[in-house]
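The values are calculated or read from the model by the stated rules, or taken from the named source; none is laboratory data. Being a predicted model, the structure only gives us computed values, none of them experimental. Note that each Cβ is placed from the backbone with ideal geometry, even for glycine, and that neighbours are counted across all protein chains shown.
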Amino acid sequence: MYELFRHDVHRMYETTSGPRWRRITEVVRAPSLHGVAVFRFRTWLRTKHVALKLLLTPLAMFLDYRMRSAWGIEIHTGARIGKGFLIVHNGGIFISSQSVIGENFTLAHDVTIGTGGQGPRSGAPIIGDNVMINAGAKVYGKVRVGNNARIGPNAIVNRDVPANALVHLPPMQVVTFGGFYNAGQGA
């Protein structure tokens, strides 16, 4: 647990800029790193002796509640996430307990990694190493996301994504409504 969290902290430190004291302050204050720390703590606690679990479970439950209510980060304990886990913007984050995620995983706010599908497609995502999921994206069902893939903002991923791929929405489309927006301009 310590080794994984050390890599998480190092990744966050590397993404901040400025003098050393400012970078350290940003890392310590970051709610997203607090969310990762609570997830790592709860995962560590699952493997410990019953007596230690009984003693620390109330603290883990409180921290989990705080993580969800104050920071909007819900990472279920059963999720398996490799070292170097980085949340660049907190809020609206959900990761399923069945998800398997590789190393150096980066995600932004409003991301859902959840279970879904029916029949043989029922399950949770398996995400490779060095994957980035941008704001608002949804990845669900029994899908595989290959190494070094990038999921763009607001993309919905419900099929496999090959390694080194970029997934994004179609280009923006301008739609006019026959003068609806010009009505108040005296035209």
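List of remarks:
- Within the option set ASN154, ASN182, being in a helix (DSSP H, G or I) and either at pLDDT below 95 or crowded, with 18+ Cβ neighbours inside 10 Å (or both) holds for one residue only, ASN182.
- Unique match (being among the hydroxyl-bearing types (Ser, Thr, Tyr) and within 23 Å of ASN147 (Cβ to Cβ)) among THR43, THR57: THR43
- Here VAL145 clears all of (1) under 27 Å from ALA30 (Cα atoms); (2) of a type outside the set (Asp, Glu); (3) surrounded by 20 or more Cβ atoms within 10 Å (Cβ to Cβ) except the condition numbered (1).
- Residue within the stretch 10-20 that is modelled with pLDDT of 90 or more, more than 16 Å from ILE95 (Cβ to Cβ), over 19 Å from the mean Cα position of the chain (by Cα) and assigned to a helix (DSSP H, G or I) present: yes
- Test: residue in the stretch 117-127 that is in contact with a Lys or Arg (Cβ under 7 Å, 6 or more places away or on another chain), closer than 23 Å to ALA155 by Cα, in a strand (DSSP E or B) and among the charged types (D, E, K, R): no
- Number of positions in the stretch 34-51 that are aliphatic (A, V, I, L, M) and either modelled with pLDDT under 90 or surrounded by fewer than 12 Cβ atoms within 10 Å (Cβ to Cβ) (or both): 2
- Residue count for the stretch 93-116 satisfying the condition of being part of a strand (DSSP E or B), more than 13 Å from the chain's Cα centre (by Cα) and either of a type in the set (Val, Ile, Thr) or under 18 Å from THR43 (Cα atoms) (or both): 0.
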